[in-house]
Structure formats: structure tokens, C-alpha cells
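Participant: One structure, as C-alpha cells, below. Some questions next.
Here, each number is a calculation from the coordinates, and none is a lab measurement. Treat the numbers as computed from the prediction; the structure is a model and nothing was measured. Neighbour counts are summed over all protein chains in view; Cβ atoms, including those assigned to glycine, are modelled from backbone coordinates with ideal geometry.
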2 protein chains.
Amino acid sequence: MTTLTFEDLAIGEVGEFGPYRVDEAEIVEFGRRFDPQRMHVDPEAAAGTIFGGLIASGWHTCAIAMRLAVDGWLSRMDVIGGTGIDGVRLLRPVRPGDALRARVAVEELLPSAPPRSGGSVRWSYALHNQDDVLVMEGATTMLVAGRPG
Amino acid sequence: MTTLTFEDLAIGEVGEFGPYRVDEAEIVEFGRRFDPQRMHVDPEAAAGTIFGGLIASGWHTCAIAMRLAVDGWLSRMDVIGGTGIDGVRLLRPVRPGDALRARVAVEELLPSAPPRSGGSVRWSYALHNQDDVLVMEGATTMLVAGRPG
């Protein structure tokens, strides 16, 4: 598989990845570990909320978007490290049984100052469910290595 | 334990929570599930990166901040749901063995339009490690229920 460098990326380039199927066990497991609020961990109590049942933690939804981006695109790059997360909007609940698809786009490219190579990439994310409803959007920024030599 | 409502919160109110001890197994487990890049999942390959060893996924670091906020504060409230995440800066690596403390502050309060009660709360987060180094800062927005009746 081709290894991509910072120079191979172009603003507006888009990848579409998924689906990622979310089940109740995963929602509860993530919730218990990181976000133990009733709508994420307790099916009975969640039924009494405005959502009428369990929903995924927003952090879980974001982590699923990351997984789709890594599998579909970022694993082919030498990502140095993530630097930021911005503009995340949790627009609709993610429920057990949902199948999520990610649309990931290169939004901004900022080359590092010489003599460093590579640069900072801002990726925008949009996550849709099986009914084509936008459930989450946001952006992450990360440093990606440049062409060697 | 007292249940807090939207009306009980004041801008500038601060809570300090933790420590949360991060170990290698948790870093690798989170990485394998949601962010399978070498610096999060493969100790040997991670040793060859600029970090010189495993570091936590930024999403994992954020999820830890959430856990500290839920245990320390949010679990005493009727949180309706999260709506957004903004301005996250991943400033320093989080490594196995780190002990993280969260400083959580009420940054903005936006009451819902009547007849709805409660409102939107913007919380700022700052996460420091055992050396008092700021590793992450950011903000989340969520809807919190108002006083009943």
C-alpha cells in the first residue's frame, strides 16, 4: 500500500468510510469507562430521558469517527501526532444498532517552516447514520510527515 | 447527595478532580479500538517516534477528562445531553504512568427560552499531569435541566 506524505494531500480531497455498527454493549462499555451518565450506561433509566433509550457518549461517537478515518486513510500516512479538536457538533443521538459512515475531508494544509518537512493538516468530519442523518460534525488537526529526503 | 440544576451554576465556578492514573494497557486498549496508530498501540514502533514511546490517543485523553468531570461534578446534575466540543488543544503527550488532574470551570450559561427551563452550559477543561504540566485544554457544551416546577 502506498504511503502518503503531507505533499500528497490536497485541500478538498475527500474520503468516505464505514459503516461502523454500534451495539448496545459497546455503548455501555464506553459509558461505564469514560462517561457514566444514565443515558449511556443504564437502559432502564435512559428510557425515561428525552431520548427514550440508550445513546452513545459524544466522545464515543467522536472516537468512532477517528477509527473510520484511521482505517480508511490515516493508517497510510506517517501521522506524527494530533494537536487539536474543534467545532464538534453532536447533532443527533447515536443509538444501539446504528451504522455510521464518515466523510472526511482535507480542510487546511499548513506546511512546517523549513528545514522541517511535512506540516499540519486540518481534517473535517461528518458522520451520518443509516438513515443518512448527520449525527456529528467536527474537525481535527494533526501533524503529518513530509516526503523523506 | 444534592442534585444540582442549571440555576445552581455560576460562571467562573471551578472544580478540581483526579488523579486518574493512566497505564499502558488502557492506552493500548483504547488505541486498538478507536485510534490504531503506532504511537498508541505498538510500544516498539512508538519507541521510534518523536515521543520515544507509547502515548495516549488524544480522544482517550479527552475521554479521561470527561470521566473526571462526571465523577466529580456532572453526576450530581440532570444532564440532558452533550451538544458540542470546542477548542481542544493536545499540548503535551500523555504517557503510561501519568496521573492526570482535571480543572473544570463553568465558562458560559445560556438559559433556554421559556417555557423551557434549564439551559446550555459551556465547561472549560484543563488537564495537568503529575509534573503539573498542562497536557490538554478544551471545552464542552451540554444541556442541563432546570429546577423542577
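Participant: Tell me the distances, shortest first, between A:Pro148 and the same position across the other copies, using label points 7 Å along Cα→Cβ, in nm to one decimal.
Facilitator: Reported distances to equivalent positions: 6.5 nm.
Participant: Let me ask something else about it. Quantify how strongly other chains surround peptide A:75-85 by giving the mean number of their Cβ atoms within 10 Å of each of its Cβ atoms. It would help to have the intermediate numbers written out before the result.
Facilitator: Details: counts 3, 0, 1, 3, 5, 4, 10, 11, 5, 9, 11.
The mean count of partner-chain Cβ atoms within 10 Å per residue comes to 6.
Participant: Given a cut-off of under 8 Å on Cα pairs at least six residues apart, what relative contact order in percent is computed for the range A:1-60?
Facilitator: On the way: 51 pairs, mean separation 14.7, N = 60.
Relative contact order comes out at 24 percent.
Participant: Go ahead and estimate [θ] at 222 nm for chain B from helices alone: -39,500 (n - 2.57) per DSSP H run with n ≥ 4, summed, over the residue count, rounded to 500.
Facilitator: So the calculated ellipticity at 222 nm is -6500 deg cm²/dmol.
Participant: Against the longest alpha carbon principal axis of chain B, how many degrees, from 0 to 90 and to the nearest 10, is the axis of helix B:24-34 turned?
Facilitator: Once rounded, one gets 70 degrees.
Participant: Using a basic spin-label model with each label point 7 Å from the Cα along Cα→Cβ, how many nm lie between B:Asp8 and B:Ala99?
Facilitator: Between B:Asp8 and B:Ala99, the label points sit 2.9 nm apart.
Participant: As an exercise, use a Förster radius of 25 Å and the Cβ-Cβ distance of B:Ala139 and B:Ala25 to find the FRET efficiency, rounded to the nearest 0.05.
Facilitator: Efficiency at R0 = 25 Å is approximately 0.25.
Participant: In nm, what does the list of distances from A:Glu44 to its counterparts in the other copies look like, shortest first, when each label sits 7 Å along Cα to Cβ?
Facilitator: 4.9
Participant: Please arrange B:Trp59, B:Trp123 by how many other C-beta atoms lie within 10 Å of their C-beta, fewest to most.
Facilitator: B:Trp123, B:Trp59
Participant: How much of the DSSP beta bridge set in chain A is antiparallel, as a percent to the nearest 5? Kindly include the intermediate steps, with their values, before the conclusion.
Facilitator: On the way: 34 of 35 bridges.
Counting only bridges with both partners in chain A, antiparallel ones make up about 95 percent.
Participant: Separate question: Per residue and in cubic angstrom, what volume does the convex hull of the Cα atoms of chain B have? Can you show the working numbers first?
Facilitator: Details: hull volume 16.6 nm³, N = 149.
Given the Cα convex hull of chain B, per-residue volume reads 111 Å³.
Participant: Mind checking B:57-64 for the average number of partner chain beta-carbons within 10 Å of each residue's beta-carbon?
Facilitator: Shielding by partners across B:57-64 averages 6.
Participant: Taking the highest mean first, how do the peptides B:25-38, A:124-137, B:108-121 order by number of other beta carbon atoms within 10 angstrom per residue?
Facilitator: Those peptides, ordered most packed to least, come out B:25-38, A:124-137, B:108-121.
Participant: What does the average come to when, for each residue of peptide A:20-32, you count the partner chain Cβ atoms lying within 10 Å of its Cβ?
Facilitator: Working: counts 0, 0, 0, 0, 0, 0, 1, 0, 0, 1, 4, 1, 1.
Average per residue, whole number: 1.
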